[in-house]
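Colleague: Sharing a structure, written as structure tokens. Questions coming.
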């Protein structure tokens, strides 16, 4: 990897992020009676997209905000401008990553389509989001946030609207935990701005365009990114697909999610996820998976169907990373998913030095920070193992203006022997790993207690 290319500044990036930050600050105090600083932030957003097809609509929205007369359509225009700017940042950063890794991107494989959606439900969701924009994050209270509940309840039964429903539900829960907004010492303006603007655009009929095709071939796992939340968990397997028709290898992903109690942590998370995705077992055993007509989205996400998968022969992830990963092509990103926080590009690193504090790799004279906070506790991979490693399979991310590597697996020296340690090693079971067996037993006991207490409550 050309690490030196990652150190070069990206032209126009700082200006785009500055315009987004101005819009975010305008949302902090609300747009009902905007002050001079808020008007300036919205005006700067309009100026940033002046050369785009959005120019006229966003300029009008900025004028209406300045007059305190902005309506729902104007909020949609502001949200679109904000998403477009972050999309441009995403594209610029991803282009730099492709240059550094030498990776190519294929054209869209699947024509996107949009399903019919009940317009009245979308309008109800947009109305609540407009109320949030008028009040601002400092003006939220429990009554305002509670207005999302009936909207979410109406959206959930409609399959095409569940993504919007889940977004609104989680967003409302975060806001409710922060009420009243007037007492907050710190407001996550960028995060809430992201959630608000994405939700606003999802209220546009046809905004969420989906489509799938089917693929066959050999799936070679690279590693697992385990994402944990107090009430939910997701395992995302990053892999290379060697198509059966002899086409170029493709970077793909397969994900499984499950709700969880906040008391289930560590290895217990695998027990919740394991029954839903046989791929996790293949990952922990170091095996390939043979796919036959497996559904896949245009962005490279496999819609996992157990009947379309069969466990194959042994496949070492490090061999895959050395030999196959450099030849793999990436698929395009969906329009609404173009956000720098979503960049997670599989890379293979070797020949690097390690800086202990803060943890970083030295590669070709360049420092690349190691995102040790993303290493899950539900596996044998630890920051200490990363610090003594010689090779690393990871995800290259971009956070707060800098590139970071999230380790998925490393070859590390343990008692003078080279040992492969994977974040997802316990995904299908701990095997003979003593630490894994111990963690699995503790998790099993915790889950058993929870089930027993739940059963007792139900009996009552």
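Colleague: Out of all the residues in the stretch 391-406, is one or more crowded, with 22+ Cβ neighbours inside 10 Å and free of Cβ contacts under 8 Å to residues at least 40 places away in the same chain?
Modeller: Looking through the stretch 391-406, none of the residues is crowded, with 22+ Cβ neighbours inside 10 Å and free of Cβ contacts under 8 Å to residues at least 40 places away in the same chain.
Colleague: With the requirement that a residue be within 17 Å of the chain's Cα centre (by Cα) and part of a strand (DSSP E or B), what does the stretch 311-333 give you?
Modeller: Residue satisfying the conditions is 330 alone.
Colleague: Go through (1) under 19 Å from residue 298 (Cβ atoms); (2) part of a strand (DSSP E or B); (3) at pLDDT 95 or above and name the single condition residue 201 misses.
Modeller: (2)
Colleague: Within the stretch 117-129, is even one residue part of a loop (DSSP other than H, G, I, E, B), surrounded by fewer than 14 Cβ atoms within 10 Å (Cβ to Cβ) and at pLDDT below 95?
Modeller: No: the stretch 117-129 contains no residue that is part of a loop (DSSP other than H, G, I, E, B), surrounded by fewer than 14 Cβ atoms within 10 Å (Cβ to Cβ) and at pLDDT below 95.
Colleague: Regarding residue 207, is this residue modelled with pLDDT under 95 and in contact with a helix residue (DSSP H, G or I) (Cβ under 6 Å, 6 or more places away or on another chain)?
Modeller: Numbers: modelled with pLDDT under 95: yes; in contact with a helix residue (DSSP H, G or I) (Cβ under 6 Å, 6 or more places away or on another chain): yes.
In short, yes.
Colleague: Further question: May I ask you to list the residues in the stretch 130-141 that are more than 26 Å from the chain's Cα centre (by Cα) and either crowded, with 20+ Cβ neighbours inside 10 Å or in contact (Cβ under 8 Å) with a residue 40 or more places away in the chain (or both)? Working first, answer last.
Modeller: Step one: list which residues in the stretch 130-141 are more than 26 Å from the chain's Cα centre (by Cα), which gives 131, 134-135, 138-141.
Residues satisfying the conditions are 134, 135, 138, 139, 140, 141.
Colleague: Can you give me the number of residues within the stretch 176-189 that are in a loop (DSSP other than H, G, I, E, B) and crowded, with 16+ Cβ neighbours inside 10 Å?
Modeller: Residues that pass the stated criteria total 3.
Colleague: Just a yes or no: is a residue in the stretch 156-175 in a helix (DSSP H, G or I), farther than 17 Å from residue 125 by Cβ and out of contact with any helix residue (DSSP H, G or I) (no Cβ under 6 Å at 6 or more places or on another chain)?
Modeller: Within the stretch 156-175, the first condition is being in a helix (DSSP H, G or I), and the residues that meet it are 159-175.
Then keep just the ones that are farther than 17 Å from residue 125 by Cβ; that gives none.
No, every residue in the stretch 156-175 fails to be in a helix (DSSP H, G or I), farther than 17 Å from residue 125 by Cβ and out of contact with any helix residue (DSSP H, G or I) (no Cβ under 6 Å at 6 or more places or on another chain).
Colleague: Based on what the data block shows, is residue 341 at negative phi and buried (at least 16 other Cβ atoms within 10 Å of the Cβ)?
Modeller: Details: at negative phi: yes; buried (at least 16 other Cβ atoms within 10 Å of the Cβ): no.
For residue 341, the condition - at negative phi and buried (at least 16 other Cβ atoms within 10 Å of the Cβ) - is not met.
The values are calculated or read from the model by the stated rules, or taken from the named source; none is laboratory data. Fair warning: this is a prediction, and the values are worked out from it, not measured in the lab. When we count neighbours, we look across all protein chains shown, and the Cβ atoms used for this are built from the backbone with ideal geometry, even at glycine.
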